[in-house]
Amino acid sequence: MTHSVRTARFTSPTRLVALLSVGVFINYVDRGNLATAAPLMQGELHLSASQLGALLSAFYYGYVLAMAPVGWLAEKYGAQRVLAICAGVWSLATLCTGFVSSFAGLLLLRLLLGVGESAAFPCASKLLAQTVRVSRLGVANGVLSFGYLLGPAVGTLLGGLLMTRFGWRPVFILFGVCSLVWLVPWRGVVVAPAVPEAAASDPAASERAPAFREILKQRALWGAAIGLFSGNYGFYFILAWLPFYLVKTRGFSMEAMAWTASWAYLLNAVSALLMGWLTDRWVRAGRSPTVVYKGVMGIFNLGSIACMIGMVTLPTTASIATLFVYEVLAGLSSPAIFAIPQIFAGPRAAGRWVGVQNTVGGLAGLVAPAITGVVIDKTGHFGAAFGLAAALQVVGFIGWVVVLPKVAPLRWGPATA
C-alpha cells in the first residue's frame, strides 16, 4: 500500500510532457520578442543593423555559456528544480525589457534572458530520458518540438499585432508576467526516479552515470553537435531576421509580416508534431532508428540549401512559398534533434550530453544574427547572408549522416553497489 501511494504522487509522463511543452513554448515566445519588435525598436532607439545584430546575438552568449553547467546542475540537483529557477530568471528579464531605454540595458537583459532559457532543453531531455520509454521518445519530443516551434508562431502574430496597437514596451511587460504564471503548475511536479516499465528489461536502467570525459569522447556527440550547429545557423538566422527582412526588404507592413511569419512558424510546429508520431510508428514497426532519424536529418539539410537560395532570389510570392517549405522541413527534423541524444546517452547522461550538444548548436545563435547585421550594413541586402546559411547545410549533412554512428543506446557499464 505504501508503494502505491508513493507511486501515485509521481507526475505522469503525459502531464510532464505537456508542462514541458508549455514551458518551451513560453521560452521561444520570450526569446523571439526582440526580433518582432526590431523594426519598431530601430527607429525609437536609433539602432543600426549591426547593433540589432549584436542584441539578437547577445541572448546566445548567455545561452551558450550557461548550457553545459546547467546540464550538470540538472543531474546533480534535480532538473525540475533547476528549470523552475531559470524560468523565473528569463521571465523577469522579459518583463524588465519593457522598461529599458538604452542599448547597454537591452544588451544586459538579453544576456540574462539567455542564461535563464539555457535550462530548457538539458532539463527537458533529462526528464524525458528518465520517464519516457525509447519507443515513445518520438512522440514525446514531437510534442516538445510542437511547443517550442509554436512559440515563434504565436509570439510573432500576437506580439506583432499588439505592438502595432500598443507599442513594444507593454508587450514585453505582458509576456513577462504571463511567463511567471507557468511556475504555478510546475511547482507540483514530482518526477519518478526511473521508468518503472523499463527497469526490468532495459540494461541502461541499472547502469552507472558516466564521467563527463567519457561523454566528450563519443563520436555520436560531435556528429550531432556539428549537425545541430549547421541547422541552427539557418534556423536562428530566419528566427532573428525574418520580421526585419519581410518589412524592410519585401515591403510588408507590420501586420502582414506578423501573419506571414506566424503561418510559417505554425507549419514548422505542426510538422514537428506529425514527425514525432511517424518516427515512433516506424520504429515500433521494426524500421531501424538509424535509417529513420539520420534519413530525416539528411533530407532537412539538403532541402534547406535550395530553400535558402529560393528565399532571397525568387519573387515575393515564390519566396514566401519557399520559406514555408523550409519551415516544414525544419519541423520534420525537430524531434530527432533531442531523441537522438536521449537514445545514445540514456537517463544517466542525457542532461550533460544535451548540455554539450546544445552549447555547440547554440554557437550558431552567437554568430548568425551578428554576421547578418554586419553583412546588411556592408552590402545593403540579404544575398550573402542567405548564401552562407545555405553553404553551412552541407556541413550539417556531414555531421548527421556521415559522422553520427548507428543510433543505439551506449553502454556506460554497470552501476557500483
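The numbers here are math on the coordinates, done by the rules we state, and not lab data. The shown structure was predicted, so the numbers you read here are calculated from the model rather than taken from an experiment. Every residue, glycine among them, receives a Cβ derived from its backbone with ideal geometry; neighbour counts consider all protein chains shown.
For this structure, a couple of remarks:
- Mean separation of Cα pairs under 8 Å and 6 or more residues apart, divided by the residue count, gives the chain a relative contact order of 29 percent.
- Taking the helices alone, the chain has a mean residue ellipticity at 222 nm of -27000 deg cm²/dmol, built from -39,500 (n - 2.57) per DSSP H run of at least 4 residues and averaged over all its residues.
- Sites residue 379 and residue 173 - FRET efficiency at Förster radius 41 Å, r taken between beta-carbons, to 0.05: 0.70
- The convex hull drawn around the Cα atoms of segment 1-114, when projected onto a plane and averaged over every direction, covers 8.5 nm².
- Per-residue 3J(HN,Hα) values for segment 175-185, derived from phi via the Karplus relation 6.51 cos²θ - 1.76 cosθ + 1.60 with θ = phi - 60°, read 5, x, 5, 4, 5, 5, 5, 4, 5, 5, x Hz in sequence order (x marks Gly and Pro).
- Over segment 207-284: Kirkwood hydrodynamic radius from C-alpha pairwise inverse distances, Å: 16.0 Å
- Per-bin percent of Cα-Cα distances, segment 240-333 [5 Å]: 3, 14, 20, 21, 16, 10, 8, 5, 3, 1
- Dividing the convex hull volume of the alpha-carbon atoms in segment 249-293 by its residue count gives 69 Å³ per residue.
- Simple Cβ-charge dipole of the chain, Lys/Arg +1 and Asp/Glu -1, about Cα centre, in debye nearest 20: 940 debye
- Tally of Lys pairs whose C-alpha atoms are under 23 Å apart, taken over the chain, 8 or more apart or cross-chain: 9
- For segment 33-176, projected area of the alpha-carbon convex hull averaged over all directions, nm²: 8.9 nm²
- Sequence-distant contacts, meaning Cα pairs under 8 Å at least 6 residues apart, place the relative contact order of segment 68-169 at 30 percent.
- Seen from every direction in turn and averaged, the convex hull around the alpha carbons of segment 266-409 projects onto 9.3 nm².
- Over the Cα atoms of the chain, the radius of gyration divided by the Kirkwood radius equals 0.97; this is the Rg/Rh ratio.
- With respect to the chain, whose longest principal axis is taken over its alpha-carbon atoms, helix 103-117 is tilted by about 20°.
- In loop segments of segment 1-95 as defined by DSSP, the chymotrypsin sites (Phe, Trp or Tyr not before Pro) with at most 16 further C-beta atoms inside 10 Å of their C-beta are 10.
- For the listed peptides 388-399, 358-369, 226-237, a ranking on the average number of other beta carbons within 10 Å per residue, highest first, reads 226-237, 358-369, 388-399.
- Charge dipole of the chain about the Cα centre (unit charges at C-beta), most positive-ward option of 90, 237, 70: 70
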